[in-house]
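A.B. asks: Just passing along the structure, written as structure tokens.
Each value in this text was obtained by applying a stated rule to the coordinates, not by laboratory testing. If you're wondering where the values come from, they're calculated on a predicted model, not measured in any experiment. Methodologically, a virtual Cβ is constructed for each residue, glycine included, from the backbone with ideal geometry; neighbour enumeration extends over all protein chains shown.
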Amino acid sequence: MRLYNTLTRSLEELPPSPGPIRMYFCGPTVYQRAHIGNARPFVVGMWLRSWLRSRGYDAKLVHNITDVNDKIYDAAPGASAELAARATQWYLEDVRDLGLGDADAYPQATQFVPQIVSFIERLVASGHAYSVDGDVYFRVGSIPDYGRLSRQRVDQMEEEEEANALKEAPQDFALWKATKPGEDTSWDAPWGRGRPGWHIECSVMAEEELGPEFEIHGGGLDLVFPHHENELAQSSALGHGFARIWTHNGMLQFGGEKMSKSLGNDRSIRNVLDTWGREVVLLFFLSAHWRKPVDFTDETLAQAKAQWQSFGQAIYEARPARPTVGWEDFEAALDDDFNTPEALAVLHEWRRASELDLLNRGLGVFGLDFVLTPPPDEVRELARERDRARAERAWARSDELRDRILELGWIVQDGPEGSTLVPR
Ligand SMILES: [Zn+2]
């Protein structure tokens, strides 16, 4: 199996199964109900894990939660820890309702402060970081290849958001931030009371959970710089291999529309799930390649809904056909950079051919098994007989067969692609 690696800008082969494949996908900062955009890295990570496991890999997914941050302080002055704890539970409830199961671990930044402090101490001791007035900054100039993930030259980079005249260089970024007035969570450290910076959290949690070198690091494309560039700098400064393959998912686009009719202004995972249902949300994500941006509109969701319904109606097709594609085609699509639109095309081919076993097996990879029971052979046979009667315009016979099918608990529906059977 191969995946596109942002670091090398090329497709790279995964090690042979059973691996292991250890994955770290950046999760949200928790201060409100998470936005639907936050669901994409979770979904991609969980699907990848599901697919890798079905291919015999020992795959593990770690998905972190940033529970200390400026946004949280601003959203709940004086009670930021309580809000972060509540919003962590909201996020877990929301992603669990996608029906894909749980990541192997959901580390939270505030649970790793001693490890973060010790990591920063090692960076200071080795000359890669320095403290100024209670803050600690990473010395970007100490890493000759800084910028290799985002392919930027240091002199063309924007200044890190915390401007501080005492920094040695504008690109130096904060590892530890001294507590400011109004910030109600802080920890003791050799440099004074404060809290960790965002980037160092992920270097530490990834390495604590997966070791100093692991196979895949994922997250939204918006995280390449500065977040992931800085994670890579911090870990490689200590000589750690860190992630071998960097996978960045495309962003959700909202088409410039001010609000969605179905959702109003609330594009939280919760509201989208409540409005459209988890199957539609998953079909929506399936229809786009994980690396590409995807338009999130009422129209694209309605298309996803129609697709999901079409799978539900695949129980019986009047024109059973030999599928032109088999399981190996489904495998080939996913093994080649996890191409879900191509896999989806294979699923539709199975739907048209009434290949229910393959269809259910394929949908199951994405958490989408439909639990409808296929009709018994007797009912299928009656439906075929009815199709023949209709073709011969023997309407009385056709009606008689329809009633008989109904008695057996099935409704026969005639559509443009032939008749289908749905449970009564
Ligand atoms: Zn991160």
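A.B. asks: Sticking to Cα atoms, compute the Rg of the range 334-375 to one decimal and its Dmax as the biggest Cα-Cα distance, whole number, in Å.
C.D. replies: 10.6, 36
A.B. asks: Using only helices, what value at 222 nm comes out for the chain when you add -39,500 (n - 2.57) per DSSP H run of length 4 or more and divide by the total residues, to the nearest 500 deg cm²/dmol?
C.D. replies: That calculation yields -12000 deg cm²/dmol at 222 nm.
A.B. asks: May I ask you to list the GluC sites (Glu not before Pro) in the range 117-189 that are in a DSSP loop and have at most 11 other Cβ atoms within 10 Å of their Cβ?
C.D. replies: Numbers: sites: 121, 158, 159, 160, 161, 162, 168, 183; in loops: 158, 159, 160, 161, 162, 168, 183.
Filter output for the range 117-189: 158, 161.
A.B. asks: To check you understand DSSP bridge types, tell me what percent of the beta bridges within the chain (both residues inside) are antiparallel, rounded to 5.
C.D. replies: 50 percent
A.B. asks: Do you know the relative contact order of the chain, to the nearest whole percent, from alpha carbon pairs under 8 angstrom that are 6+ apart?
C.D. replies: Averaging sequence separation for qualifying contacts and normalising by length gives 16 percent for the chain.
A.B. asks: Which value, in debye to the nearest 20, describes the size of the charge dipole of the range 269-365 about its Cα centre when Lys and Arg Cβ atoms bear +1, Asp and Glu Cβ atoms bear -1, and nothing else is charged?
C.D. replies: In debye, rounded to 20, the range 269-365 gives about 320.
A.B. asks: I would also like to ask the following. Which whole number in µm²/s is D for the range 377-423 by Stokes-Einstein, with the Kirkwood Rh taken over Cα pairs at 10 °C and 1.306 mPa s? Numbers along the way, then the final one.
C.D. replies: Numbers: Rh = 10.4 Å.
Taking Rh from Cα pairs, D becomes 153 µm²/s.
A.B. asks: In whole Hz, with x marking every Gly and Pro, tabulate ³J(HN,Hα) for the range 297-303 from phi via Karplus 6.51 cos²θ - 1.76 cosθ + 1.60, θ = phi - 60°.
C.D. replies: Those phi angles translate into 9, 4, 5, 5, 5, 5, 5 Hz.
A.B. asks: Still on this structure, I have one more. Once phi is turned into ³J(HN,Hα) by the Karplus curve 6.51 cos²θ - 1.76 cosθ + 1.60 with θ = phi - 60°, what whole-Hz value does each residue of the range 171-180 show in order, with x for glycine and proline?
C.D. replies: Each residue of the range 171-180 in turn: 7, 4, 10, 6, 9, 9, 10, 4, 4, 9 Hz.
A.B. asks: Spelling out what I want: for every residue of the range 277-284, take phi, set θ = phi - 60°, compute 6.51 cos²θ - 1.76 cosθ + 1.60 (Karplus), and round to whole Hz; glycine and proline get x.
C.D. replies: Each residue's phi maps through the Karplus curve to give x, 5, 5, 5, 4, 5, 4, 4 Hz.
A.B. asks: Further question: Take the alpha carbon atoms of the chain, find their radius of gyration, then divide it by 2.2 N^0.38 Å using N residues; give the quotient.
C.D. replies: 1.19
A.B. asks: Over 31 Å between Cα atoms, which of 71/292; 71/261; 60/261; 71/167 qualify?
C.D. replies: As for pairs spanning more than 31 Å Cα to Cα, those are 60/261.
A.B. asks: A follow-up question, please. Determine, for 327, 198, the number of other Cβ atoms within 10 Å of each Cβ, and report the residues in order from fewest to most.
C.D. replies: Ordered from fewest to most neighbouring Cβ atoms within 10 Å, 327, 198 come out as 327, 198.
A.B. asks: Over the range 269-365, what is the relative contact order in whole percent, taking alpha-carbon pairs under 8 Å and six or more residues apart?
C.D. replies: Normalised by residue count, the contact order of the range 269-365 is 29 percent.
A.B. asks: Measure nothing but the geometry: give the 0 to 90° angle between the long axis through the Cα atoms of 80-96 and the longest principal axis through the Cα atoms of the chain, rounded to 10°.
C.D. replies: On a 0 to 90 degree scale, this one is about 30.
A.B. asks: Per q in 0.12, 0.15, 0.16 1/Å, what log10 I(q)/I(0) does a Debye calculation on the alpha-carbon atoms of the range 269-365 return?
C.D. replies: So the normalised log intensities work out to -0.40, -0.61, -0.69.
A.B. asks: Simple spin-label model, 7 Å along Cα-to-Cβ: residue 400 to residue 186 in nm?
C.D. replies: It is 8.9 nm.
A.B. asks: Using the number of other C-beta atoms within 10 angstrom as an exposure proxy, rank 201, 93 with the fewest first.
C.D. replies: With the fewest neighbours first, 201, 93 line up as 93, 201.
A.B. asks: Give, as ranges by residue number, the residues of the range 197-234 whose backbone N falls under 19 Å from the point 7 Å along Cα→Cβ of residue 166.
C.D. replies: It comes to 197-198, nothing else.
A.B. asks: Right, here's the next one. How are the alpha carbon pair distances in the range 1-136 distributed across 5 Å bins from zero to the largest one, expressed in percent?
C.D. replies: Bin by bin from 0 Å, the calculated values are 2, 9, 14, 16, 15, 15, 14, 9, 4, 1, 0.
A.B. asks: Calculate how steeply helix 113-125 sits against the longest principal axis of the alpha-carbon atoms of the chain, using the helix alpha-carbon long axis, and give the answer as 0 to 90 degrees to the nearest 10.
C.D. replies: 50 degrees
A.B. asks: Roughly what % antiparallel, to the nearest 5, for the DSSP beta bridges in the range 2-249?
C.D. replies: 45 percent
A.B. asks: While we're looking at this one, here's another question. Would you work out which of 234, 220, 276 lies farthest towards the positive end of the dipole of the range 212-278, given +1 charges on the beta-carbon of Lys and Arg and -1 on that of Asp and Glu, about the Cα centre?
C.D. replies: Among 234, 220, 276, the one farthest towards the positive end of the dipole of the range 212-278 is 276.
A.B. asks: Note down the relative contact order for the range 2-249 as a percent, whole number, built from C-alpha pairs under 8 angstrom at least six residues apart.
C.D. replies: This gives 24 percent for the range 2-249.
A.B. asks: In addition: List the residues whose amide H sits under 5 Å from the amide H of residue 12, counting only those 5 or more places along or on another chain, with H placed 1.01 Å from N in the peptide plane.
C.D. replies: For residue 12, whose amide H was placed from the backbone, the distant partners under 5 Å are 3, 4, 5.
A.B. asks: Further, regarding this structure: How would you rank 292, 261, going from fewest to most other Cβ atoms within 10 Å of each one's own Cβ?
C.D. replies: Lowest to highest Cβ neighbour count: 261, 292.
A.B. asks: Right, another one. Does the range 138-216 come out rounded, prolate or oblate by the C-alpha gyration tensor, with a ≥ b ≥ c the root eigenvalues, rounded set by a/c under 1.5 and, if not, prolate when a/b is larger than b/c and oblate if not?
C.D. replies: Oblate, because a/c is 1.5 or more while a/b does not exceed b/c.
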